[in-house]
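Colleague: Before anything else, here's the structure in question.
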Amino acid sequence: MENFVINGGHELFGDVNISGAKNAAVAIIPAAILANDVVRIENIPKISDVSLIIKILDCMGATVKMINSDTIEIDSQALRNKSVPYELASHFRASYYLIGTMLGRFKNAEVAMPGGCDFGTRPIDLHIKGFKMLGADVDIVNGMVCAKAEKLVGTSIYMDNVSVGATINVMLAAVLARGLTVIENAAKEPHIVDLANFLNSMGADVRGAGTDVIKIRGAEKLHGCTYSIIPDQIEAGTYMVAAAACGGDVLVKNVIPKHLESISAKLIEAGAEVIEYDDAVRVTRYKALNKCNVKTMPHPGFPTDMQPQMAVLLSVAHGTSLLSESVWDNRFQYVGQLTRMGANIQVDGKLAVIDGVDELSGVKVKATDLRAGAAMIIAGLIAKGETVIEDIQYIDRGYEDVVQKFAALGADIKRIKTTEAESIVNAG
Ligand code: UD1
């Protein structure tokens, strides 16, 4: 077991390089098997969710080679039509993209119901609706999603809710369907556009990604390609919020500033300065933080994945801020950890009322999920004294070299192995 130990109170200065996008990588890597060929993918983030999806492909017979530290080559010619068991699928949400890709390639998929962060019920009804409308029979048997079709035929699919996962899964199944699939009320997140660009590089015909209508004309087959994943919007946003919360001057490099506009806008409202360059943003903050109201929305709104980090910043801003979560039912579970550090936050359903306090103080806290874990790091960085963060395996799911990157900005943060005895005492 490992913890992060942070001694807070340092401003952040310097440059940080953003890695490839987790949410794009976990869709693009399984999408590579649609080609039945060799695909090279660059700018892969070194995070545990990516290791897991590679492990699944490996278990299914694909050959995955590391070409260098951030490039892999996937040869899926020997991939077999095997089921994806609970032990592999239950660790993360994106395992469900194997349903779309296996259905596309083999017209048959058996994948255990996915795991992932717990923010209340996370239904997959829209994924299933999409597969059925493409002509598949879909049943859930003993916790396995079983989908099969004689053939997939394109059709018009209206998404009742804006869902990133369902939009991606239907795209994955539809690229090898016959005829035209139209996804209406599609999600518009940057990683949807990145997936569409990747599929098109393999010979697919996907248009309209990034708008709410995506049109996919099915191809006979796809071919290999070389593709570079976009930078991670949420990792970039996390360093931007950290810089604004701690104060200082940080250049966040290798980003697409357009993807960060909603985050930049809120940081400016809260008293930071944000300057955009071609592929970098600079965040400085020397004056006191002000309250501001934030509502999470599907892209291009403020991302739900930045909500916990923003809560930390607002917890030490002057005045009362309203933070409203409109994507998930239960995404304030981390608030108890922050109040133990001295934050004054009242949660009423999907609304958090945050009364800014002068300072937070370091205590032992838990990462309750991936982004809540990132929020605990920022809380530790601004808190007085020592913060110990437990359950950091959640943070490792989505942040490459987080300790090294923050330490290079001047933070006092370390990854410490806990002894077995300490772990037992802590568990008790
Ligand atoms: C969502 C975020 C994504 C983020 C991820 C983890 C949005 C639109 N998506 O993606 O950016 O990375 O959470 O925080 O902000 N839903 C259904 N039926 C379904 C699928 C989803 O009703 O079959 C609902 C969900 O309950 C939720 C909403 O749609 O209220 C968004 O879910 P979805 O976009 O699918 O979630 P993720 O893909 O996990």
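Colleague: Would you mind ranking VAL193, VAL182 so that the residue whose beta carbon has the fewest other beta carbons within 10 Å leads the list? Could the numbers behind the result be given before it?
Modeller: Details: VAL193 20, VAL182 16.
The order, fewest Cβ neighbours first, is VAL182, VAL193.
Colleague: Report Rg(Cα)/(2.2 N^0.38 Å) for region 73-112, keeping two decimals. Walk me through the intermediate numbers first.
Modeller: Details: Rg = 10.3 Å, N = 40, 2.2 N^0.38 = 8.9 Å.
So the Cα radius of gyration is 1.15 times the expected 2.2 N^0.38 Å.
Colleague: I would also like to ask the following. What base-10 log of the normalised intensity I(q)/I(0) is obtained for region 312-423 from the Debye formula, alpha carbons as equal point scatterers, at q = 0.12, 0.18 Å⁻¹?
Modeller: Per q value, in the given order, log10 I(q)/I(0) is -0.43, -0.94.
Colleague: Report the antiparallel proportion of the DSSP beta bridges in the chain as a percent, rounded to a multiple of 5. Mind dumping the intermediate values first?
Modeller: Working: 58 of 81 bridges.
In the chain, DSSP labels about 70 percent of beta bridges as antiparallel.
Colleague: Still on this structure: On a full-extension model of 0.36 nm per residue, what is the gain between HIS318 and LYS258, subtracting their alpha-carbon distance, rounded to one decimal in nm?
Modeller: Values: separation 60, 0.36 × 60 = 21.60 nm, distance 2.83 nm.
Gain on stretching HIS318 to LYS258: 18.8 nm.
Colleague: Here's another thing I want to ask about it. Which peptide among 67-75, 50-58 comes first, and what is the full order, when sorted by highest mean count of other Cβ atoms within 10 Å?
Modeller: Ranking the peptides 67-75, 50-58 by packing returns 50-58, 67-75.
Colleague: Here's another thing I want to ask about it. Considering the chain as a Gaussian network with a 10 Å cut-off on Cα pairs, which listed residue, ILE124, ILE44, ILE416, attains the greatest mean-square fluctuation?
Modeller: ILE416
Colleague: Compare the Cα positions of ASN254, ILE378, ALA272 along the charge dipole of region 233-383 (+1 at Cβ of Lys, Arg; -1 at Cβ of Asp, Glu; about the Cα centre) and return the one farthest towards the positive end.
Modeller: Working it through, the farthest residue towards the positive pole turns out to be ILE378.
Colleague: Another question about this same structure. Hey, could you get me the Stokes-Einstein D for region 69-138, Kirkwood radius over alpha-carbon pairs, 25 °C and 0.890 mPa s, rounded to whole µm² s⁻¹? Don't jump to the answer; show the numbers that get you there.
Modeller: On the way: Rh = 13.5 Å.
Rounded, D is 182 µm²/s.
Colleague: Taking N as the number of residues in region 206-257, what is its Cα Rg relative to 2.2 N^0.38 Å? Please report the intermediate quantities before stating the final value.
Modeller: Numbers: Rg = 17.7 Å, N = 52, 2.2 N^0.38 = 9.9 Å.
Rg over 2.2 N^0.38 Å, computed on Cα atoms: 1.80.
Colleague: In nanometres, what is the gap between the two model label sites at ASP160 and LYS287, each 7 Å from Cα along Cα-to-Cβ?
Modeller: Spacing of the two 7 Å Cα→Cβ label points: 4.9 nm.
Colleague: Give me the one-decimal nm value for the distance between modelled label points at LYS417 and ASN142, 7 Å along each residue's Cα-to-Cβ direction.
Modeller: Modelled inter-label distance: 3.9 nm.
Colleague: At q = 0.18, 0.23, 0.25 Å⁻¹, what log₁₀ I(q)/I(0) does region 1-64 have when each alpha carbon counts as one equal point scatterer in the Debye sum?
Modeller: -0.76, -1.02, -1.13
Colleague: Which semi-axes, in whole Å and largest first, does the equivalent ellipsoid of region 227-299 have when worked out from the alpha carbon gyration tensor as the square roots of 5 times its eigenvalues? Kindly include the intermediate steps, with their values, before the conclusion.
Modeller: Details: eigenvalues 84, 44, 16 Å².
In descending order, the three semi-axes are 21, 15, 9 Å.
Colleague: Related question: Measuring from the lowest to the highest alpha carbon on each principal axis, how far does region 311-361 reach, largest first, in angstroms?
Modeller: Between the extreme Cα coordinates on each principal axis of region 311-361 lie 30, 20, 15 Å.
Colleague: Determine, from the Cβ-Cβ distance of GLU150 and LEU351 and an R0 of 56 Å, the FRET efficiency 1/(1 + (r/R0)^6), rounded to the nearest 0.05. Intermediate values should be presented prior to the final figure.
Modeller: Numbers: r = 48 Å, r/R0 = 0.86.
It comes to 0.70.
Colleague: If you scale each eigenvalue of the Cα gyration tensor by 5 and take the root, what three semi-axes come out for region 184-271, rounded to whole angstrom and sorted largest first? Working shown, then result.
Modeller: On the way: eigenvalues 227, 48, 9 Å².
Each semi-axis is the square root of five times an eigenvalue, giving 34, 15, 7 Å.
Colleague: Return the single residue from ALA375, ALA407, ALA136 with maximal mean-square fluctuation; model: Gaussian network over the chain, springs between Cα atoms under 10 Å.
Modeller: Looking only at ALA375, ALA407, ALA136, the biggest GNM fluctuation is shown by ALA407.
Colleague: Take region 255-382, drop everything but the C-alpha atoms, weight them equally and run the Debye formula without solvent; then report log10 I(q)/I(0) at 0.10 Å⁻¹ to two decimals.
Modeller: For region 255-382 at q = 0.10 Å⁻¹, log10 I(q)/I(0) is -0.29.
Colleague: Under 19 Å Cα to Cα from LYS55, which lysines show up? Leave out anything in the same chain fewer than 8 places away.
Modeller: LYS22, LYS46, LYS65, LYS82
Colleague: Based on the alpha carbons, how large is the Rg to Rh ratio for region 151-199 when Rh follows Kirkwood?
Modeller: Details: Rg = 10.4 Å, Rh = 11.0 Å.
Reported Rg/Rh, Kirkwood definition of Rh: 0.95.
Colleague: So for the pair GLU269, SER69, with labels modelled 7 Å out along Cα→Cβ, what separation do we get in nm?
Modeller: Label at GLU269, label at SER69, 3.8 nm between them.
Colleague: Rg to Rh ratio, region 330-389, alpha-carbon atoms and Kirkwood radius?
Modeller: Numbers: Rg = 10.9 Å, Rh = 11.5 Å.
Expressed as Rg/Rh, it is 0.94.
Colleague: Subtract the Cα-Cα distance of PHE106 and GLU220 from 0.36 nm times their separation in residues, and report this length gain in nm to one decimal. Before the final figure, lay out each step's value.
Modeller: Working: separation 114, 0.36 × 114 = 41.04 nm, distance 1.31 nm.
The PHE106-GLU220 span can extend by a further 39.7 nm.
Colleague: Order of PHE4, PHE131 from fewest to most other C-beta atoms within 10 Å?
Modeller: Numbers: PHE4 23, PHE131 28.
By the 10 Å Cβ count, ascending: PHE4, PHE131.
Colleague: How would you rank ASP160, ASP401, ASP396, going from fewest to most other Cβ atoms within 10 Å of each one's own Cβ?
Modeller: Details: ASP160 10, ASP401 15, ASP396 19.
Exposure proxy ranking, most exposed first: ASP160, ASP401, ASP396.
Colleague: Quick one: which residues, 5 or more positions from ILE157 or on another chain, have an amide H under 5 Å from its amide H? H modelled 1.01 Å from N in the peptide plane, none for Pro or chain starts.
Modeller: HN-HN under 5 Å from ILE157: VAL182, ILE183, GLU184.
Colleague: Report the per residue volume, in Å³, of the convex hull enclosing the C-alpha atoms of the chain. If you can, show how the numbers build up before the last one.
Modeller: Numbers: hull volume 56.1 nm³, N = 428.
So the per-residue Cα hull volume is 131 Å³.
Colleague: For region 107-159, just the Cα set please: Rg and Dmax, both in angstrom.
Modeller: For region 107-159, the Cα radius of gyration and maximum Cα-Cα distance read 12.2, 36 Å.
Colleague: Sorted from largest down, give the three principal axis spans of the alpha carbons of region 101-245, whole angstrom values.
Modeller: 54, 36, 27
Colleague: Report ³J(HN,Hα) in whole Hz for each residue of region 304-319, in order, from the Karplus equation J = 6.51 cos²θ - 1.76 cosθ + 1.60 where θ = phi - 60°; Gly and Pro get x.
Modeller: Result, rounded to whole Hz: 4, 6, 9, 5, x, 4, 5, 4, 5, 4, 5, 5, 10, 8, 6, x.
Colleague: Please enumerate, by chain and number, the aspartates and glutamates with C-alpha under 16 Å from the C-alpha of LYS405, excluding those fewer than 8 residues away in the same chain.
Modeller: GLU11, ASP15, ASP232, GLU235, ASP249, ASP396
Colleague: I've got another one for you. Report the Cα-based extents of region 5-159 along its three principal axes, largest first, to the nearest Å.
Modeller: Largest first, region 5-159 extends 59, 38, 32 Å along its Cα principal axes.
Every number in this text was worked out from the coordinates using simple rules, so none of it is lab data. Remember, it's a predicted structure, so these values are computed and weren't measured experimentally. Methodologically, a virtual Cβ is constructed for each residue, glycine included, from the backbone with ideal geometry; neighbour enumeration extends over all protein chains shown.
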